[in-house]
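Novice: Right, I'll just put the structure down here and ask away after.
Just so it is clear, none of the values below were taken in a lab; they were calculated from the coordinates. This is a predicted model, so every value here is computed, not measured. Reconstructed Cβ throughout: ideal geometry from the backbone, glycine too, with neighbour counts over all protein chains shown.
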Amino acid sequence: MTPIIGFAGYSGSGKTTLLEQLIPLLKQQGLRIGLVKHSHHCIDPDTPGKDSYRLRHAGCAQTLMATKERHMLYFEYPEEEREEPELQACLQQLDHSQLDLVLVEGFRDEKFTKIEIHRPSYGKPLLYPNDGGIIAFATDGNKPEGCTLPLLNINHPEEVAKFVVSWLKAQ
């Protein structure tokens with residue numbers, strides 16, 4: 001399977017902003033990037049009234065919309081079967097033959113390799129003391145006392161990209 005590295009932190013810590021800056025830097029290195037993002041919000045990027053929306057809502061369990069620009073695969077879960085997604089199930093849905101690296105945003109409670117994203121000004125607890133999968137600490141502040149993880153500056157995505165590429169080469 002494709003190497004995966006996650007970016008874990010509390011809401012508002014800057015995970016999406018960092019990834020938005022990091023992805024182009026990794027692409028410049030020639031890497032084909034996949035992304036799995038967990039959300040606690042109900043999302044529907046389809047448009048009510050459009051054919052695709054109407055057909056999805058007619059009762060399909062899975063719908064694949066295909067255009068020359070992109071494919072979108074929708075899974076519909078009956079209300080009685082809804083539960084939080086599991087990372088491994090999401091990863092299995094990707095076409096790994098087309099990827100060099102999968103970035104994961106969220107899934108902070110699952111066990112896999114991650115970089116912790118932390119902003120001390122938000123007053124949220126640290127994740128790394130209770131998660132052995134965290135391999136680096138990215139922040140806009142100082143390294144916590146006693147933290148032995150590599151320190152990355154969340155405001156310097158080039159630094160984070162260099163770390164990720166180095167980690168990937170070691171896999």
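Novice: By how many degrees, 0 to 90 and rounded to 10, does the Cα axis of helix 157-169 deviate from the longest principal axis of the chain?
Specialist: Approximately 80 degrees, to the nearest 10.
Novice: Which order do PHE7, PHE163, PHE137 fall in if you start with the one that has the fewest other Cβ atoms within 10 Å?
Specialist: Numbers: PHE7 25, PHE163 17, PHE137 22.
Fewest to most other Cβ atoms nearby, the residues stand as PHE163, PHE137, PHE7.
Novice: Work out how much length TYR53 to GLU79 would gain on full extension: take 0.36 nm times their residue separation and subtract the Cα-Cα distance, in nm to one decimal.
Specialist: Values: separation 26, 0.36 × 26 = 9.36 nm, distance 1.83 nm.
Using 0.36 nm per residue and subtracting the Cα-Cα distance, I get 7.5 nm.
Novice: Semi-axes of the chain's equivalent ellipsoid from the Cα gyration tensor, sqrt of 5 times each eigenvalue, largest first, rounded to whole Å? Let's see the in-between values first.
Specialist: Details: eigenvalues 205, 73, 43 Å².
Working from the Cα gyration tensor, I get semi-axes of 32, 19, 15 Å.
Novice: So in the chain, what percent of DSSP beta bridges are antiparallel if you round to the nearest 5?
Specialist: 20
Novice: Among 110-119, 126-135, how do they line up by average Cβ neighbours within 10 Å per residue, starting with the highest?
Specialist: On the way: 110-119: 20.3, 126-135: 15.3.
Put in order of decreasing packing, that is 110-119, 126-135.
Novice: Got a sec to turn the phi values of segment 128-144 into Karplus ³J(HN,Hα) couplings, 6.51 cos²θ - 1.76 cosθ + 1.60 with θ = phi - 60°, whole Hz, x for Gly and Pro?
Specialist: Result, ordered by residue: 4, x, 10, 9, x, x, 7, 10, 7, 10, 9, 8, 9, x, 8, 5, x Hz.
Novice: At a 10 Å Cβ-Cβ cut-off, how would you order VAL164, VAL102, fewest neighbours first? Intermediate results must be reported in sequence, preceding the final value.
Specialist: Details: VAL164 24, VAL102 21.
By the 10 Å Cβ count, ascending, the order reads VAL102, VAL164.
Novice: From the convex hull of the Cα coordinates of segment 43-83, what is the mean projected area in square nanometres? Present the calculation step by step, with values, prior to reporting the outcome.
Specialist: Working: hull surface 13.3 nm².
About 3.3 nm², averaged over all directions.
Novice: Under a plain spin-label model, where a point goes 7 Å from the Cα along Cα-to-Cβ, how far apart in nm are HIS96 and SER166?
Specialist: 2.7
Novice: Pairing the Cα long axis of helix 15-28 with the longest principal axis of the chain, what angle in degrees results, from 0 to 90 and rounded to the nearest 10?
Specialist: With rounding to tens, the tilt is 90 degrees.
Novice: Of all the Cα-Cα pairs you can form in segment 12-103, what percent are over 22 Å apart? Mind dumping the intermediate values first?
Specialist: On the way: 1796 of 4186 pairs.
So the pairs more than 22 Å apart make up 43 percent of the total in segment 12-103.
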